[in-house]
Every structure is written in C-alpha cells, then in structure tokens.
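Structure first, then comments.
The values are calculated or read from the model by the stated rules, or taken from the named source; none is laboratory data. What you see is a predicted model, and the numbers here were worked out from it, not measured in a lab. All Cβ positions, even for glycine, are placed from backbone atoms using ideal geometry, and neighbour counts span all protein chains on display.
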Amino acid sequence: MESFILPLRDLVTIAPAIILLVWSAAILIGLVFVRSGRLHRAAPFCFALIGLALAGVAYFQLAGIFDSLPHPEGVHYTFNQMYSLDGLTLFFQGIFLAAGFLVVLISPRFLDEENATSPEYYALILLSVAGMMLLAGAADLITLYICLEFMAISVYILVGYLKAQSRATEASLKYFILGAFSSALILFGMSLVFALTGTTNLEAIHGALKTVGDGGQPLLVLALILFLAGLGFKIAAVPFHMWCPDAYEGAPTPITAFISVAPKAAGFAIFIRLFMFLFQPLTAEYVSLVGLLSIVTMTVGNVLAVRQTNVKRLLAYSSISHAGYLLMGLMVREFLGLQAIGVYLVGYLFMNLGAFAVITFMRRERIGGEDIEDFSGLIHAHPVIAAAMAVFLLSLAGIPPTIGFIAKYWVFGAVIKAYVATMDRLFLYVAVAGALNAVVALFYYFRIVKRMFMGDAVTRPPLALGLPARIALGLTLAGTLLLGLYPDPAIRFAGWIHMTFIGFY
Amino acid sequence: METLIFWSLSGLIVLFALLVISAKNPVHSAIFLVGTLLFMAGLYILLDAEFIVGVQVIVYVGGITVLYLFVISLIVLKRIPLESTLNRQWPAAVIAGLAVMVEVAFFLLKGDLFFQVFEKKKMIYGTGETAAIGRALYGPYVFPFEIATVLLLLAIIGAVLMSRKPERDQTPES
C-alpha cells in the first residue's frame with residue numbers, strides 16, 4: 001500500500017498563486033475588522049497591490065530559474081504530474097499577473113465614482129488571477145477543468161459586481177449560463193478523450209493517441225469539435241460570441257478591461273496546450289476548422305463593430321475580431337505560430353488595457369463616459385489622455401510604430417510561411433481575410449480618433465486622475481510604444497511558449 | 001435472482017418515470033422523481049458500484065429533488081393553473097425521445113464498429129470502490145482536490161456577495 005503523497009516540496013512551483021490566495025484571504029478577513037471609513041476603501045487596494053507585487057517577485061524568481069536552466073524544453077511535472085511549470089505556463093502567468101496589476105491600478109477611481117465597496121472586488125481579482133495561473137500550468141484534464149471553473153466563477157461574480165445596476169446583473173447571468181454551457185461541452189470532449197485513451201494526463205494521452213487507429217478517429221473528431229465549441233465560448237470566437245458584447249457592456253469598466261485580456265489569454269493557454277497534445281493526429285481537420293473559425297470570427301467581429309456607438313460595445317466587437325487574428329496564429333502549430341500568438345497577446349495586453357483604462361477614466365459625476373459622443377473634443381480639455389487613447393487605437397488597428405503592428409506582422413508572417421511550406425490554400429485565404437479586415441478595423445477605430453480630435457469641444461466636468469491611474473496609463477502607453485520600437489523582449493518572451501513542445505513532434 | 005431484481009427495478013423506473021411526466025400536480029411529480037432515482041440507485045447496487053449509490057442518494061434524492069420541492073413550495077402553487085401535460089410540444093417531444101431511443105439502441109448493438117474504446121484497466125488502489133476513490137483523491141489527485149476546496153470557498157463568497165442586500169449608503173436615491 002502506498003502512502004499518501006502530499007508533495008510539499010512542489011509547493012514552490014505554485015508560489016505566486018499561493019501568495020495571491022493568501023493575500024485575497026487577508027483582504028476578506030480584514031473586511032471583518034474594518035467596516036467603514038477611509039481605511040475600508042484604501043486597505044483592500046493596498047493589500048491587492050502588495051499581494052500582486054509579492055507574487056510578481058516570486059514569479060520573477062521562478063522565471064529566472066527557468067531562463068537559466070540548461071534544458072528548459074519539455075514539460076516539468078510537479079504534484080504527481082498534475083501540474084507543469086514549463087515555458088507555456090510561465091509565459092501566460094506573466095500575462096495574467098501584468099493584467100491583474102494594471103486592472104487593480106485603474107480600479108479605485110472607478111469604484112469611488114460608482115460608490116461601491118471594494119474588499120471583495122480586489123479579493124476576487126486576486127483569486128481569479130491565481131486560478132488562471134494554475135490553469136496555465138494544468139498538465140492533466142482534471143486539474144485543467146477545475147482551474148477553468150475556478151477562473152470562470154470568479155469572473156462571473158466580478159461581472160455582476162455592481163448588482164444595483166440591472167444591466168450588470170443581466171450581463172453576469174448571461175455570462176454565467178453560457179459559460180456553464182461551454183464548460184459542459186469541454187467536459188464532454190474530455191470524457192470522449194478519456195474513453196479513447198484511458199488516461200487524463202495530457203502527455204500520456206498524446207502518446208496513447210499515436211496507437212489509436214482509424215477506429216478512434218470519429219470519436220476524436222467529435223472531441224475536437226466539442227473542444228473547439230467550448231473554448232470558442234471562452235475566447236468569444238464567432239458562432240459562440242453572443243455573450244461577449246453584453247457582458248463587456250454590463251461589467252464594471254475595469255473588469256471589462258480585465259475579462260477582455262486575462263480570461264481570453266487563459267482560453268488561448270488551454271487552447272494551445274490541449275490542441276498541441278490531443279489533436280496531433282487530426283492536422284487536416286484541425287487546420288480547416290480553426291482557419292474557418294478565424295475567418296468568420298474576425299469578419300463578423302469587425303463588421304458588427306462598425307455600427308456601435310457605445311465605446312465599450314465597440315471594443316467588445318473589436319476584441320472578438322482580435323480573437324480571430326489570434327486564431328490565425330493558432331492554425332500554425334509550430335514555433336512561428338505559437339510565437340506569433342505570444343507576441344500578439346503581449347501587445348494586446350498593453351493596448352487593450354490602455355484603451356479600456358481611458359474609458360474607465362472618462363466615467364465621472366453624471367457622465368457615463370461610454371458613449372462615443374463623450375469623447376468629442378477631448379483633445380482640447382485633456383490632450384495627454386486623448387493622445388494616449390489615439391496611440392492605443394492606432395495600435396489596435398495595427399499601425400507602426402506600435403506593438404499592434406509588430407503583433408499583426410508576426411501573425412501574418414506565420415500564416416504566410418505555413419502557406420509557402422504546405423501550399424495549403426486555406427492559409428492564403430485566412431491571410432487575405434485578415435488583411436481585408438484590418439482595413440475595416442481602421443474605419444471604426446478612426447471614428448473615435450476623429451471624434452476626439454475634430455469633434456466640438458463640450459464643456460464637461462474635468463477629469464481628475466489619481467496617482468495609480470496615471471501609473472497605469474504610463475505603463476500601458478510605454479508598453480505599446482516602446483515594444484513597438486524595440487519588440488525584441490516581447491518576441492523572446494513569446495518564444496517561451498514553444499519551449500514546452502520542443503522535441504515533441 | 002439478479003435478473004429478476006434487474007427487471008423489476010427497471011420496470012419500476014419506467015413506471016415512475018411515466019408517473020413523473022403524467023402527474024398534474026408538480027409536487028407529486030417531484031415525489032415520483034424521488035422514486036425513480038432511488039430505484040436507479042438499486043441498479044447501481046447490482047453493478048457493485050457502492051460509491052455511486054451513495055452519491056445518487058445523497059446528491060439526487062437528498063439534494064436536487066428537495067431543492068425542486070423547495071422551489072415549488074416557494075412559488076405559490078394555487079397561482080399556477082394545473083396544466084394539462086399534453087400541450088402543443090408533445091409531438092416534437094415524442095419525436096425527439098424516439099430519436100434518442102433509436103440512437104442509444106443502435107450504438108449499444110453496433111457501437112463497437114464505430115468507436116474504439118480503450119481496454120478497461122484493473123483498479124490499482126486496492127479493493128472497494130469508495131476506498132479506491134478516497135485513496136485516489138488524497139494520493140495522486142491531491143492537487144486538483146485542494147484547488148477544488150478553494151473553488152468551493154470562492155463559490156460561497158460569490159453566493160454571499162450576490163444575495164447580500166445593498167448597503168444603505170451604496171445606492172443613493174436620486
């Protein structure tokens with residue numbers, strides 16, 4: 001009889017997530033002692049920042065160790081092969097931590113405007129970041145599913161946080177029901193894969209599938225479709241995007257910023273891990289399905305974005321189309337494709353969070369700050385904020401010298417190279433569709449820019465940004481511009497994703 | 001002996017299932033559902049799956065049906081007209097039900113030709129199914145098990161947050 005195994009030594013590998021859990025617990029316990037007053041508002045914010053900073057320190061330690069390993073490639077198991085601290089894990093954990101940090105920085109002003117209490121809000125942000133960090137490293141179907149729910153449930157709650165507003169409750173409920181449905185689809189797909197291979201470990205499944213003959217093919221195709229549909233919901237790809245604009249519009253704006261970046265990136269993290277390990281035998285089906293999904297997603301997202309007048313909704317549709325571009329990278333299951341996804345996600349993190357941060361700042365007194373008219377003539381009253389917003393929008397459109405251009409360049413490069421290598425026409429069609437869509441996207445991004453720079457100046461109550469908000473704006477702006485001029489760190493960082501899969505084909 | 005028990009249990013399940021959908025009073029439906037679920041637990045006993053029997057009784061009979069009853073008694077029953085069970089949807093429902101039945105029967109008989117499923121492995125965690133599940137949970141699967149505990153905590157926080165009355169200063173009357 002074997003002894004019970006609680007591998008305490010392995011806890012080091014999830015240290016950042018544990019730190020986040022501890023600090024979110026500290027925030028919740030502090031709630032009991034401090035019930036009102038200034039401290040009630042300020043303390044949770046400070047605790048969240050400290051927690052994220054400490055988790056960041058732990059993360060950099062782990063990343064440093066990983067970077068100096070003689071053989072960083074492959075999966076590095078801990079916890080009885082339930083978790084893996086590899087390149088893919090570390091890349092995505094960095095994205096989640098950065099997103100959590102920036103979102104916490106832009107939150108206090110918004111919560112004050114909405115007159116909402118904050119302790120649970122920050123605790124939930126820390127919890128969801130912790131959930132996503134564990135999700136990125138899940139090396140087993142069971143861990144993967146539980147972490148997925150972990151992340152999703154905290155986000156459902158955050159979307160409905162301002163429950164005095166009916167649209168927030170509606171958004172939360174919609175997101176919850178469709179999210180639960182998509183989780184069920186993923187679970188069904190997992191059960192089919194388990195029926196085929198008899199194991200839940202991803203690497204073992206990959207090995208077992210090599211010996212599955214034609215008899216297993218139909219079941220595997222079914223599982224592929226179920227996974228695509230379930231994960232399509234999570235990343236808001238097109239036939240499964242219905243929840244997205246409503247959830248984005250109804251959520252508190254900092255949370256909109258958060259869900260447009262972090263859970264989407266988490267969706268791609270499991271997308272990459274699952275589809276690299278599980279569906280190698282189905283390359284033809286995989287490429288055609290993901291390619292079609294990509295074309296439909298970016299086209300529909302862009303076309304629907306053109307008519308929007310609510311900026312949050314507009315950016316919701318724009319984020320759908322960005323998911324399409326990310327799927328382009330996912331079509332190419334090699335070094336270049338994975339690296340392109342990485343570069344795109346780094347860019348998307350800065351530019352999308354920056355754009356949503358500006359929308360968050362626009363909320364003041366009786367002004368919602370969400371309508372496109374609220375941006376009219378912004379350049380006269382607040383030139384810096386208007387210029388920053390213009391930079392973010394240009395970057396989202398993919399204009400140099402911003403990181404958005406580098407991201408698009410890398411994605412297109414990966415697809416074109418795959419076309420040259422395989423002569424599969426689908427890669428070419430996807431690239432053409434992507435290029436055409438970039439033109440459509442320019443139109444609606446520039447509508448906001450035009451309103452800001454050429455619209456009539458309207459007298460409105462002035463914006464008063466606090467120090468955290470300034471820091472967040474500065475960081476996102478610096479990320480968007482500096483990485484656009486010198487993208488080397490982002491490209492190198494993105495290369496980590498592929499480390500997991502070296503020596504694996 | 002086993003076949004006799006099997007067929008009698010199956011007959012009772014079908015009978016009670018029919019009663020669930022034909023009863024006009026929703027409370028009666030829920031009680032018949034309890035019967036269906038209990039007899040299904042009996043089928044699991046025949047399969048030596050004692051853990052699933054326990055879960056079936058605790059979760060389905062003890063939890064979910066009682067929840068149904070709570071909901072039914074929370075909405076005042078007299079306001080709901082006792083509806084005829086044969087409404088406009090029934091032809092569609094019959095077709096869908098038949099389709100599912102044909103599917104299940106087809107794959108039960110011919111499934112081997114279409115799907116290749118891995119060979120069953122022997123239990124490696126000792127005898128007794130419940131003990132095996134416990135050993136697996138606290139052995140190799142301790143990591144997801146611990147995350148699940150945090151997940152439950154999170155769900156509690158969410159439920160409290162969503163059901164709490166808004167504080168007075170939080171909703172300024174305008």
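Give A:LEU90, A:LEU102 a once-over and let me know the one that is in a helix (DSSP H, G or I) and either closer than 18 Å to A:GLY466 by Cα or small (Gly, Ala, Ser) (or both).
A:LEU102
Evaluate segment A:12-34: report whether one residue or more is among the β-branched types (Val, Ile, Thr), farther than 23 Å from B:ILE157 by Cα, within 11 Å of another protein chain (Cβ to nearest Cβ) and not in a helix (DSSP H, G or I).
no
Consider A:PHE79 carefully, then state whether it is surrounded by 16 or more Cβ atoms within 10 Å (Cβ to Cβ), at pLDDT below 95 and over 24 Å from the mean Cα position of the chain (by Cα).
yes
Looking at (1) surrounded by fewer than 19 Cβ atoms within 10 Å (Cβ to Cβ); (2) in contact (Cβ under 8 Å) with a residue 40 or more places away in the chain, which is the one condition that is false for A:MET132?
(1)
Could you list, in sequence order, the residues of segment A:110-139 that are within 8 Å of chain B (Cβ to nearest Cβ) and not in a helix (DSSP H, G or I)?
Those that are within 8 Å of chain B (Cβ to nearest Cβ) and not in a helix (DSSP H, G or I): A:ASN115, A:ALA116, A:THR117.
Just checking, which of A:GLY87, A:GLY74 is more than 21 Å from A:ILE259 (Cβ to Cβ), surrounded by fewer than 19 Cβ atoms within 10 Å (Cβ to Cβ) and either out of contact with any Cys (no Cβ under 9 Å at 6 or more places or on another chain) or among the polar types (S, T, N, Q) (or both)?
The conditions single out A:GLY74.
Are any residues in segment A:54-80 out of contact with any strand residue (DSSP E or B) (no Cβ under 7 Å at 6 or more places or on another chain) and part of a loop (DSSP other than H, G, I, E, B), and if so, which ones?
Across segment A:54-80, the qualifying residues are A:SER68, A:LEU69, A:PRO70, A:HIS71, A:PRO72, A:GLU73, A:GLY74, A:PHE79, A:ASN80.
Hey, can you tell me all the residues within segment A:413-435 that are without any contact (Cβ under 8 Å) to a residue 60 or more places away in the chain and in a helix (DSSP H, G or I)?
Once the filter is applied, which keeps residues that are without any contact (Cβ under 8 Å) to a residue 60 or more places away in the chain and in a helix (DSSP H, G or I), segment A:413-435 yields A:ILE416, A:TYR419, A:VAL420, A:ALA421, A:THR422, A:ARG425, A:LEU428, A:VAL432, A:ALA435.
Out of the residues in segment A:221-244 meeting the condition of being small (Gly, Ala, Ser) and in a helix (DSSP H, G or I), tell me which one is farthest from the other protein chains (Cβ to nearest Cβ).
The qualifying residue farthest from the other protein chains (Cβ to nearest Cβ) is A:GLY232.
Name the one entry in A:PHE271, A:PHE277 that is in contact with a His (Cβ under 9 Å, 6 or more places away or on another chain) and surrounded by fewer than 24 Cβ atoms within 10 Å (Cβ to Cβ).
Just a single option satisfies the conditions, and that option is A:PHE277.
Could you please tell me which pairs satisfy a Cβ distance under 7 Å, a separation of 6+ or placement on different chains, a first residue in segment A:1-22 that is modelled with pLDDT under 85, and a second residue that is among the aliphatic types (A, V, I, L, M) and outside any helix (DSSP H, G or I)?
Cβ pairs passing all conditions: none.
Quick check on segment A:145-155. Is at least one of its residues over 25 Å from B:SER163 (Cα atoms), surrounded by fewer than 24 Cβ atoms within 10 Å (Cβ to Cβ) and in contact (Cβ under 8 Å) with a residue 12 or more places away in the chain?
yes
Scan segment A:18-42 for residues that are more than 24 Å from A:MET132 (Cα to Cα) and either crowded, with 17+ Cβ neighbours inside 10 Å or among the β-branched types (Val, Ile, Thr) (or both) and jot them down.
Residues satisfying the conditions are A:LEU31, A:VAL32, A:VAL34, A:ARG41.
Is it true that some residue in segment A:442-461 is under 23 Å from the mean Cα position of the chain (by Cα) and farther than 24 Å from A:ILE106 by Cβ? Talk me through it step by step, then tell me what you get.
Filtering segment A:442-461 down to residues under 23 Å from the mean Cα position of the chain (by Cα) leaves A:442, A:444-445.
Now drop any that are not farther than 24 Å from A:ILE106 by Cβ, which leaves A:442.
Yes, the conditions are met somewhere in segment A:442-461.
Only residues that are away from every other protein chain (no Cβ under 11 Å) and not aliphatic (A, V, I, L, M): list them for segment A:180-220, please.
Answer for segment A:180-220, where residues must be away from every other protein chain (no Cβ under 11 Å) and not aliphatic (A, V, I, L, M): A:PHE181, A:SER182, A:SER183, A:PHE188, A:GLY189, A:SER191, A:GLU203, A:HIS206, A:GLY207, A:LYS210.
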